[in-house]
Every structure is written in C-alpha cells, then in structure tokens.
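Undergrad: Before I ask anything, here is the structure I am working with.
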Amino acid sequence: MKWFIGLFIFYSCLTASALAQPTAEPVRVATRIVKPFVFEEKGQLTGFSVELWNEIAKQVNVKSEFVIKPTVKELLASINNHEAALGIAAISITAERELQWDFSQPMFDAGLQILTPMQTSRAALVKTILANLFSSAVLPYILGVAIILVVIAHLVWLLERRHPTGMLAHPRYFPGIFETCWWAASTLATQADQMPRAALARVVAVFWMFASVVFIAYFTAAVTSSLTLQQLRGDINGPEDLPGKRVASVTSSTADEYLRRHNIEVSGFANVEDAFQALQTGQVDAIVYDAPVLLYYAAHEGKGKVQTAGAIFRKENYGIAFPDKSPLRKRVNEALLKLKENGTYDQLYAKWFGGSGS
C-alpha cells in the first residue's frame, strides 16, 4: 500500500510539473495576412491579432508557431484537417461557421464597410454637377422658376406692347414674347440691359428683380452645399447604392456572401490587396469588406486616394476558431477574458486602432 501511495505522489508531482511548464510541442496557429490584424514587418509577423495571441499564449502557458494561409477558407480547412490547432486573424463568427467550428468569446467588434475612390477628377466633378442640377431636390425649383419666368414675360409683354417708346422692338406676340422672355431670363441672371417703360410693367419688373435675387441666393446655396456634400461622399453612400455598380470583395468572405445574398454583382478577389489595386486602377467602383481593414487602409496606404462611404453595416464579431470540442477553447476563453479585465486588451486595441476596445 505504501508503494502505491508513493507512486501516486510521484505521478502527481510529474503532472504538476508538466502543467507548470509550456508544452514541448508548439501549438500550430493558422492565420492569414490582413492588415492591421496580421502582417509581416522586418521578417516577423505582427498586428493586433498576432500580439493578442501572444498575450493569450502567455496566459495559457503554451508555445506556438504560426501557419500562414492565403484565405479564410483555407485557414478554416487547416483547422478541420488538424494541420493547425486553432486559427486567428480577422475571422467573422457566423451561424454557418459555428456548425463546423467552435469559436472563442468575441475578440473584436466589427462589421462591413464600403470603400470608394476620392472624387477628385474633372469628369467626376462635371457628372456630380449635372446630377445635382437634375436631382429631385433641385429640379422642382428650376421648373417652378421657369414657369414663373414665362408668366412674368407674358405680363410684361401685355403691359409694354402698346407703349410708344417701350423696350419691345416688335410689339406683336411673335417675336415680342421672345424679347420679354429674354429680358426675364436676363433679369434673373442680373444681366438685363434695359427696363420696361410702362408704369405697371415697371412694377412687375421690380417684383421680378427682388424674386430673382431671392431665387439666385437660394439656388446657389442649395447647389453649392449639395455639390460639396456629393464631392465628399460620392454617389455611393451605403449598401442601397451598390446595385448597378462594379463592386469588389474577397471571395468567400462574409462581405462576399452578403453581397450575393442581396443580389449585388460582385467581383471576387483572392485577397483584399488585389481588391485595393483594382479600386486604384478604376476596375471597380467600390470595395465592400471588413470595416477595420478598410479603415486602416484609408488612413495609411490609401490616404488621400480612397475614402470610406456611409456607416458600418451588418455588425459582426471576430473570434478565434477551433475544431469542434477543442480542449484549448475553454483555456483561451479564460485567458481572453482575463486580458480584457486587466487592461491588456485595451492597450493593444488603443495601439492599433486608437480609443478603447471595451
């Protein structure tokens, strides 16, 4: 009996010692290059997800090595075939993926965003001006003023046609009405070179001059503000503007699935860098993809060349992916929660994105 107790104590010591040391065999972690979560710098992987995993690995007390995969699809497949024990990058947690993989607690709150080129070209500016002139907000005012202009022209013709020294060279309706229409339009543009001579016609002219000043002031303000806003935002301001546009995304991503589900024609690229190149060269009108990735690109490599359009939509969370019933999942969740509680997570979030991740 004594030898059994001694053997039990010896085994317990060995077990405790093994748990206290990092596992000899490194945990293989599948990832993919997607700034600012994972990217290579000076021959080393860095980024928010890489640094977060390194902190988790310390808490879990394991050594790890990264296995880079080109796409999320291949990343998740490597977990299924046991090439990797888990996957971390910018992996959206979806109901469909939950059927095949287990996920950690959410490690990042995200969503989809739209990226478009800066509206700076002359052709884009002319297109924007024409679009504003014939927009539903401005066109009714233009039509209304045109009708009033014709009415004023008729009044002036009626009152001025019998004046012996009036401004009409031809008192008959044709071509006299064209002369008064030209005068009314010139007055609207503050370019009239003569005034009616009949007393009542002059009263009408004074009214029309004041009305013209008010209209020109309003019209200028409306078109200028609308044009400025359009220049800043472009003609794509949300998902509702995407049908009919040339839209790019990353194949098999949640953004790609969203676009196809909403019957929006999409050009799929193997990675987001290829999509960025297509946007810069004018092959596509917009990119729809994960908001943090697009925001980071717009603030760094694409600064001054691209802009985000509209608000973040289809909110989603990123998580760490595991094979079904992975024993690591619970330990990683505990470590992740601990990092959020002790402030380490917020420090990493502030480093890469600014603000707080809480």
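Undergrad: Residue by residue through region 148-160, what is 3J(HN,Hα) from phi via Karplus (6.51 cos²θ - 1.76 cosθ + 1.60, θ = phi - 60°)? Round to whole Hz and write x for glycine and proline.
TA: Taking θ as phi minus 60°, the curve returns 5, 4, 5, 5, 4, 4, 5, 4, 5, 4, 4, 7, 9 Hz for region 148-160.
Undergrad: Kindly write out, for region 273-279 in residue order, the coupling ³J(HN,Hα) from the Karplus curve 6.51 cos²θ - 1.76 cosθ + 1.60 (θ = phi - 60°), rounded to whole Hz, with x marking Gly and Pro.
TA: Running phi through 6.51 cos²θ - 1.76 cosθ + 1.60 with θ = phi - 60° gives 4, 5, 5, 4, 5, 5, 5 Hz.
Undergrad: Here is a further query. Give the lysines whose C-alpha is closer than 30 Å to that of Lys42, dropping any in the same chain fewer than 8 places away, or say none.
TA: Result set, ordered by chain and number: Lys58, Lys63, Lys69, Lys73, Lys303, Lys305, Lys340, Lys351.
Undergrad: Let me ask something else about it. Leaving ligands and nucleic acids out of the surface, order Tyr289, Tyr297 by accessible area at 1.4 Å, largest first.
TA: Heavy-atom accessible area, descending, gives Tyr297, Tyr289.
Undergrad: Let me ask another. So, taking all protein chains as they sit and a 1.4 Å probe, how much accessible area belongs to Glu41, in Å² rounded to tens?
TA: Roll a 1.4 Å probe over it and Glu41 shows about 100 Å².
Undergrad: Nearest 0.05, what FRET efficiency do Lys245 and Thr165 give at R0 = 51 Å with Cβ-Cβ as r?
TA: 0.25
Undergrad: With all protein chains present, calculate the accessible area of Glu301 using a 1.4 Å probe and round the result to the nearest 10 Å².
TA: Roughly 80 Å² of Glu301 is accessible to a 1.4 Å probe.
Undergrad: Sorted by average packing, counted as other Cβ atoms within 10 angstrom per residue and highest first, what order do 323-332, 169-178 take?
TA: Packing order, densest peptide first, comes out as 323-332, 169-178.
Undergrad: Same structure again: Residue by residue through region 199-205, what is 3J(HN,Hα) from phi via Karplus (6.51 cos²θ - 1.76 cosθ + 1.60, θ = phi - 60°)? Round to whole Hz and write x for glycine and proline.
TA: With coefficients 6.51, -1.76 and 1.60, one gets 4, 5, 5, 5, 4, 4, 5 Hz.
Undergrad: Would you calculate the separation in nanometres between label points at Ile216 and Gln105, each defined as 7 Å from the Cα along the Cα-to-beta-carbon direction?
TA: 6.6
Undergrad: Quick one: if you stick a label point 7 Å off each Cα along the C-beta vector at Phe39 and Asp274, how many nm between them?
TA: 1.9
The values are calculated or read from the model by the stated rules, or taken from the named source; none is laboratory data. As the structure is a computational prediction, the values presented were derived from the model and not from experiment. Reconstructed Cβ throughout: ideal geometry from the backbone, glycine too, with neighbour counts over all protein chains shown. The accessibility values were calculated without ligands, DNA or RNA, using every heavy atom of the protein model including side chains. Shrake-Rupley method; radii C 1.70, N 1.55, O 1.52, S 1.80 Å.
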